[in-house]
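Beneath this line is the structure, given in structure tokens, with notes to follow.
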Amino acid sequence: MSLINLVSSKYIEEFVLGEVLHHGSIQITPFRNREYIKKFKKNYLLGADSSLSQSLGYKDPDANSKKDRFNIDTPGLVSQGYVFNVGFGLSVHDISFNAIANLSYKNLRYGKPVFEGDILFGKSAVLGIEVKKDGASNGSVQVKTTITNQRDEVVLEYVRQVLLRTSPGQTINKQSNLEKQPDKIDFTETQLPLEYKNLNRGWLENNGKTFEEFEKDGIYEGDSASSIKLVDFSWLQISTLNDAGVHHDPNSNFIGYGGAVKSITEGQISNHIPFGYFLGMNSGSHDAPTYPSDIIQSIFNSTNQDDEVIIGSFKVIEKIQIEDRADMGILTIELRGDKIVTEAGLKAYEKAGFKGVSKIKDNKIRVLTMEMSVAIPTDKSFK
């Protein structure tokens with residue numbers, strides 16, 4: 001029988017193998033979804049263009065009740081990036097409020113589509129705990145988080161490993177019982193997109209490509225470089241209930257939320273895959289800290305006023321065709337986020353004692369690496 005724990009803000013020594021933590025719920029309003037798309041993912045057409053998604057058959061089964069209860073006329077399809085951030089945010093207070101770092105993601109799978117007005121619920125099961133030495137002041141917990149909608153359908157599921165501190169004055173002894181995760185997600189356990197059909201080729205004009213046009217081992221650069229300011233980090237955290245303490249700590253230089261880095265990087269590559277439908281993530285990591293560009297310039301009074309910017313790109317690792325789905329193929333991609341490190345950014349790293357400073361080459365450092373699977377329409381899907 002699973003243990004159930006409703007206590008929040010746990011330290012590493014307080015986690016118990018097998019316990020299940022219930023995170024509460026949040027309703028995704030149209031404003032939150034559309035603001036997210038405007039800030040981060042305006043080029044992903046399935047979320048940005050509700051008439052397109054509806055023409056492809058994405059219809060909300062609760063549309064009538066939402067009109068009566070919430071005055072939502074036509075619920076749009078929620079961006080998958082925002083679903084990820086909501087699912088992550090729901091778990092923060094119970095899992096990672098006292099985190100030092102979010103170490104990795106594994107076996108992330110998207111489920112049923114999410115529509116504006118949906119209410120999402122979260123829970124996490126503790127799979128494993130790892131402490132690398134006796135008398136340690138920190139260790140990592142491995143959890144499996146499941147996000148469901150108001151119909152109890154799974155919309156997102158993933159495993160993550162989080163490095164946590166012990167409570168003040170406490171230590172914890174060496175242990176390792178992490179649960180091994182598959183190297184790749186199982187496509188039979190993901191939600192494939194509805195049939196792509198009668199798509200307008202004009203929507204591919206900004207370097208957009210069909211499945212056939214992508215080359216294995218090809219590298220595709222994002223359409224722009226973007227800075228992330230405090231207001232963008234803060235908006236995403238507030239709208240998803242992410243109250244992780246490290247992001248509000250002056251001693252950490254107000255280190256930026258990694259979900260915003262993921263969002264901005266995904267948005268930058270969207271010009272290549274405007275009809276992309278993300279199926280899941282095999283693995284992912286935040287490779288180096290990112291800070292709000294305006295905050296670190298202010299803290300360190302930098303003489304170089306250039307913004308730190310994120311540059312997104314991806315490499316095609318594998319191309320997969322699905323039997324009986326001639327309208328689409330699946331790309332396995334390595335999503336990469338690189339940051340241009342400014343004078344202020346280097347000072348922030350040095351103050352924080354970041355050990356990866358030596359990895360900065362030509363003022364650039366890798367901050368994000370994620371191996372993801374995304375469905376792409378084939379040539380025959382276009383009219």
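Rule-based calculations on the coordinates, nothing more; no lab input. Please read these numbers as outputs of a predicted model, since none were measured by experiment. With ideal geometry, Cβ positions are generated from the backbone for all residues, glycine too; neighbour counts draw on all protein chains shown.
Provide the descending list of Cα extents for the stretch 4-181 along its principal axes, expressed in whole angstroms.
Its Cα atoms span 58, 31, 27 Å along the three principal axes.
For the stretch 189-381, just the Cα atoms, rotate onto the principal axes and tell me the three extents in Å, largest first.
57, 36, 29
Over 25 Å between C-alpha atoms is what I'm after, so list which of Lys42/Lys229; Lys10/Lys355; Lys42/Lys197; Lys209/Lys359; Lys180/Lys216; Lys42/Lys262 land there.
Lys10/Lys355; Lys209/Lys359; Lys180/Lys216
Which entry in (1) 66, 48, 33; (2) 80, 49, 41; (3) 64, 56, 40 matches Cα extents along the principal axes in Å derived from the coordinates of this structure?
(3)
I'd like the orientation of helix 258-269 relative to the chain: the angle between its Cα long axis and the longest Cα principal axis, in ° from 0 to 90, rounded to 10.
30
On a 0 to 90° scale, report how tilted helix 80-95 is relative to the longest principal axis of the chain, with both axes built from alpha carbons and the result rounded to the nearest 10.
Taking Cα atoms only, the helix is inclined about 30 degrees.
Mind putting a number on the dipole of the stretch 251-383 about its Cα centre? Charges go on the C-beta only, +1 for Lys and Arg and -1 for Asp and Glu, and I need it in Debye to the nearest 20.
Magnitude of the dipole: close to 200 debye.
Return the lysines within reach of Lys361: Cα separation strictly under 18 angstrom, same-chain partners fewer than 8 residues apart disregarded; answer none if there are no such residues.
Qualifying lysines at Cα under 18 Å: Lys339, Lys347.
With charges set only on the Cβ (+1 for Lys and Arg, -1 for Asp and Glu), what does the dipole of the chain come to about its Cα centre, in debye to the nearest 20?
320
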